[in-house]
Structures are given as C-alpha cells and as structure tokens.
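Have a look at the structure below, then the notes.
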Amino acid sequence: MENGQASKTAMRVAMRRAAHQMIDRPLVFDDALAVKIVEPLLAIGGHNYEIKRSKHAVSKAFRSYMVGRSRYAEDELARSVKSGLRQYVVLGAGLDTFGCRNANADLNVYEVDFPATQAWKRELLRQAGIAAPENLHFVPVDFDTMNLADELMAAGFDRSRPGFFSWLGVTMYLTIAGFRKTMQAIGGGSGGSAVSFDFSLPRESLAATEQIALDGLAKRVAAAGEPLTLFFTEEEIAGECRRAGFERWEFLDAGALNRRYFSGRTDGLGLVAGAARLATAWK
Ligand SMILES: C[S@@+](CC[C@H](N)C(=O)[O-])C[C@H]1O[C@@H](n2cnc3c(N)ncnc32)[C@H](O)[C@@H]1O
C-alpha cells in the first residue's frame, strides 16, 4: 500500500461486485448495497471500466472469483453465527458492505483496514447516504506495522469469545511478517474462532496459461501501487495455519467454487483455473 493512499484495488473489486448486481442473474452474491456504495464514484466518472467491460470473458472470470469468495466467506460466517458466534471481523474490508447490511443486531462487526482506505470508505458511505449501524466498529490498522489484537480489543472485540474473520484479497499484498502477525492474532484467539481468506500460489507452480493470467494481474495491480508480494503453496499455508494455532483447514480452487456456486448457469459466469485459492482455518 502507498503511504496515505486509499486502495485502488478495493475500488476495482467493489465495481465488480456492483456489476454483478446490475448484470448477472441469478445472483451468486446478493449485496443490496454494492451499487449504492460505488454511486459517488460513478458520479464523478472515469471509474466504470469494470462495469463497461463486464460482458468480456476475462471480466466475467474475475467477477466470478470476487463474488464467489465473498459468498463463501458470508456462508462460513452464517454457519459460525448459527452455532452462537457473535463477532465478525472483516480484515482489509475495502468497500465490503456487510457491516451496513447486517440484519443481526447481536452480531458485532469490526471493519479493519489500512487507515487511508478506511477513511475513504467512510467518506463514500457518507456521500452515498448509507448509515453505519451502532454494532459496526471501524478499526484502522496496517497489518504490516500495527498489532491487530490490541487494536481490536481497544475497539471492543472480546478475545475471550470466538470471532469469525474474513480476509479477502489481502494476503498477497502483505509482507510475510505482516501475514504471520495477523494469522497469530486470529489463531491465538478463543476456541471456535475461524478465518476465511484467499492466497496466491507461486508463479512457478502454475501451468503456462495460468502464469500469463497471473503476470497480467501482477502488472495491473503494481501499476495501481499495490504490487503482489506474497505467494504460498497449499503445503506452506497448511504449515502457517498449524503454527498460528489452527486445528483444521480447507482449501478451494476454481473447480470447487464453480461446483459450489456456478453450476447449471447458462450465462458463462464461472471461475477460470488460476493462482487463487480460498481457504478457511478453524480452531
Ligand atoms: C483488493 S482489496 C480487497 C478489499 C475487500 N476485502 C474486498 O474483497 O472487497 C485489498 C484490501 O487490503 C487492504 N490492505 C492492503 N494492505 C494492507 C495492510 N498492510 N494493512 C491493512 N490493510 C491492507 C487495502 O486497504 C484494501 O482494502
């Protein structure tokens, strides 16, 4: 992340979620605020690339991944809430709208993000007229330089009770130290805690076509000032989960997400095999 600059990749992901609401049926990820939160950006122009290109195959594949991973994380959250969990932490929240859509008054939501991104998001919420409910707590944190557990507790998070964490589209932009500190902060919490996150496989482990796709993405995000910095094999992530105190984990690739959320569609929406892996770790 660039010092003092809000995340541009967060805006692009949000535009893809908005395009999904506007264009795709049936919805994989139903987000009643996804369009509203980007309206102030669309109003000033120059930000609708992802929406204009939404019928293009590459755009569809990216959009499928973005909405598939959000759906997966919210499905996992719902499972945890059903078993009594009452704290949800959205790490690297970007323009994620769950905290403002949350219909469960007993579920406290902590949005953690790079301070400049969070300030920009709060201004967008204000401009869009989206109210932040009382059980939504904003926690500005730089994972690479600050202590997540301390900042969460200062905001009211109870470490003696379980929390569900989502961490989508973030790990690949961190330092290894920032990644490990964050995993330990989650894994060192109460039993019953869990985290859904995604990570990127290393280039050398990919097929030639997947390498080309990763190179394209790496170029685009580097140009936005957010270069890809961190890659793991599944074996390495399993080791990271174990060391951080988690007891079990699962990984999903494009095929698994397609079977779960995109089967039977006739509009060509679905993921293409590539470097991205989704994971949940439980303790
Ligand atoms: C690609 S966006 C994903 C946003 C959101 N999770 C989503 O799926 O829409 C990456 C997010 O990671 C955050 N981020 C990147 N590096 C960070 C750091 N060192 N500390 C805190 N947040 C960071 C950015 O501010 C941004 O919100």
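Annotations for the structure displayed:
- Under 18 Å from the K219 label point (7 Å along Cα→beta-carbon), backbone N, segment 54-73: 57-59, 62
- D (Stokes-Einstein, µm²/s), Kirkwood Cα radius, segment 57-182, 0.692 mPa s at 37 °C: 214
- Whole-Å distance, taken between Cα centres, linking segment 1-66 and segment 71-134: 17
- The ratio of the alpha-carbon radius of gyration of segment 8-282 to the globular-protein estimate 2.2 N^0.38 Å is 0.95.
- Over 26 Å apart at the Cα level, from the set K36/K82; K36/K181; K60/K219; K36/K60; K52/K219; K121/K283, are K36/K82; K36/K181; K121/K283.
- Distance between the 7 Å Cα→Cβ label points at R243 and S263: 3.7 nm.
- Net lengthening on full extension, Q127/T209 (0.36 nm per residue, minus Cα-Cα): 25.4 nm
- Across segment 158-172, coupling constants 3J(HN,Hα) worked out from phi with the 6.51/-1.76/1.60 Karplus curve, θ = phi - 60°, read 9, 6, 7, 10, x, x, 9, 10, 10, 8, 9, x, 10, 4, 6 Hz, and Gly and Pro carry x.
- The alpha carbons of segment 159-254 occupy a box of 44, 26, 21 Å along the principal axes, longest dimension given first.
- Working note: Karplus 6.51/-1.76/1.60 with θ = phi - 60° gives segment 244-254 the couplings 7, x, 7, 9, 8, 7, 9, 10, 10, 9, 4 Hz, where Gly and Pro are set to x.
- Put simply, when 197-203, 154-160 are sorted by average Cβ atoms within 10 angstrom per residue, most first, you get 197-203, 154-160.
- On the beta carbon distance between A78 and E39, with R0 = 30 Å, the FRET formula returns roughly 0.65.
Only the coordinates and a few stated rules stand behind these numbers; no lab work does. These figures come from a predicted structure and were not determined experimentally. A quick note on method: Cβ atoms are made from the backbone with ideal geometry, for glycine too, and the neighbour counts reach across all protein chains shown.
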